[in-house]
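Participant: Input: one structure, supplied below.
The values are calculated or read from the model by the stated rules, or taken from the named source; none is laboratory data. Predicted model only: the values in this text are computed from it and were never measured. Because the Cβ atoms are built from the backbone with ideal geometry, glycine has one as well, and the counts that use them run over all protein chains shown.
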Amino acid sequence: MRFADALQALHELGARRFVEVGPDAVLTGLVGQVFEAGVAAVAVLRRDQGDARALMSAVGRLYVAGVSVDWSAVLPGGRRVELPTYAFERERYWLDAPAGVGDVAAVGLGATGHPLLGAVVELAGSDRMVFSGRVSLASQGWLADHAVYGTVVVPGAALVELVLRAGDEVGCGRLEELTLQAPLVVPQVGAVRLQVSVGEADAEGRRAVGIHSRPHDPAGAGTGEWTAHADGVLAATDAVLGTYEGPWPPTRAMPVDVSDVYDVLADEGLVYGAVFRGMQAAWRRGDEVFAEVALPEEAADAADAFGLHPALLDAALHAIGLLPRADDEGTRLPFAWSGVSLHAVGARALRVRVAPDGRGGVTVDLFDEAGVPVAQVESLSLREMSREQLAVAASATASESLFGVEWVPAQATSDVVGGTWAVLGDSSLGDGGRVFADVDALVASADELPGVVVLECGPVEGG
């Protein structure tokens, strides 16, 4: 037989691809024993496959190995098509390990169990409390699915979640008001440190609350000024939202096509990834909009760790975009929240009702699929955000700026002014030159104007 010798002879003649034509792949496996690499061996027929399937599989494997194939002859009814221009979807099988905060009790802090706020400390001599955490795309990758003008921004719904969690710790379950001052930008590399501070209770039990951040320094040292992102007031829970008992969808509500809602938002600069694309269906009845939103499968398991998952609340707010608005309105983001109450935790899907509040904002009511109240926003105001405003916030948050100050040594030149020189206002510099109180004195007394005039500029108030 001398099969190995025959293969070696063919290899010396330049053969690198071998096709076995026979009833089974008897010899194909032996090729791999003769040549360890650089050679492809394909069997045309296989005992355990039909002839057509085995033949087409063999042709495909040969094509992948670099053999030229006349596809018009193999598939006479086929035609070439362009590859899709969007990125291919991939499914990950690695388990996502939740970001841990270690044993915060070992350093005198209390653990919160919240994904964004890892620790809490009660300030001595008062009932003030400070909650702290760290936010980064490495630890909270789902935030990358919320981008405004190409910049990853923590949604306002997440800031509301932070404040409600802090309020629950001190017995204040109602967010009376929260005004957003500056967007919280998440850098592509690095992290930001978060602080939610809760003040002392006043006579009515209300507490001031604020959210600040600054770039995170792994060494623990300060890396810049704290940026204020929001301030507001917490209070004890009072009103309870009633159960939704009507039919769903509501009577006389007309369906709204939501198939392109995220394409429209992207055109306005609001680009949402899979986690924030929760809008399922919507209906409109007069000035009211009703919607169904849900967390995608990859985010649903994390719902129990939040009071109300920020991506789910943010998706509920997308229904606001279905309300009538002026044609010249730009990109609008949540600005001021009033009367926010959370009645149930861990929701994975919501029924939403959005309507004007009569004061230029909207009211948002959230129920579960059984009509049980989940949360309520009595009033939410939105404000336009320009690309330039966001760029300023992003530059203030960046942990490592691409810009810096560099001193370049000045090179001496031969263009030195010669002749006489004079000094204005300071006799200590007058060695070798004439001194004059001001320009008028110089002009009035000089027979010939000097070639150089020196003016010393001392420090001024303010730097």
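Participant: Identify the single condition in (1) part of a loop (DSSP other than H, G, I, E, B); (2) over 30 Å from GLY133 (Cα atoms); (3) not aliphatic (A, V, I, L, M) that GLY205 does not satisfy, given that it satisfies every other one.
Facilitator: The failed condition is (2).
Participant: Going through PHE276, PHE335 one at a time, which residue ends up being within 20 Å of GLU176 (Cβ to Cβ), touching a residue at least 12 places away in the same chain (Cβ under 8 Å) and within 26 Å of the chain's Cα centre (by Cα)?
Facilitator: Residue meeting the stated conditions: PHE335.
Participant: Further question: Take VAL233 and tell me if it is part of a strand (DSSP E or B), touching a residue at least 12 places away in the same chain (Cβ under 8 Å) and closer than 24 Å to VAL209 by Cα.
Facilitator: yes
Participant: Check whether at least one residue in segment 236-253 is aliphatic (A, V, I, L, M), under 29 Å from PHE367 (Cα atoms), more than 18 Å from the chain's Cα centre (by Cα) and surrounded by 19 or more Cβ atoms within 10 Å (Cβ to Cβ), and report yes or no.
Facilitator: The answer is no, given that none of the residues of segment 236-253 is aliphatic (A, V, I, L, M), under 29 Å from PHE367 (Cα atoms), more than 18 Å from the chain's Cα centre (by Cα) and surrounded by 19 or more Cβ atoms within 10 Å (Cβ to Cβ).
Participant: Being buried (at least 16 other Cβ atoms within 10 Å of the Cβ) and either small (Gly, Ala, Ser) or closer than 28 Å to ALA73 by Cβ (or both) is true for just one of VAL21, VAL39. Which residue is that?
Facilitator: VAL39
Participant: Which of the numbered conditions does GLU298 fail, given that it passes all the others? Conditions: (1) surrounded by fewer than 17 Cβ atoms within 10 Å (Cβ to Cβ); (2) in a loop (DSSP other than H, G, I, E, B).
Facilitator: (2)
Participant: Same structure, new question: Failed condition for PRO84, given (1) closer than 26 Å to VAL271 by Cβ; (2) surrounded by fewer than 13 Cβ atoms within 10 Å (Cβ to Cβ); (3) at pLDDT 85 or above, with all others met?
Facilitator: Among (1) closer than 26 Å to VAL271 by Cβ; (2) surrounded by fewer than 13 Cβ atoms within 10 Å (Cβ to Cβ); (3) at pLDDT 85 or above, PRO84 violates only (3).
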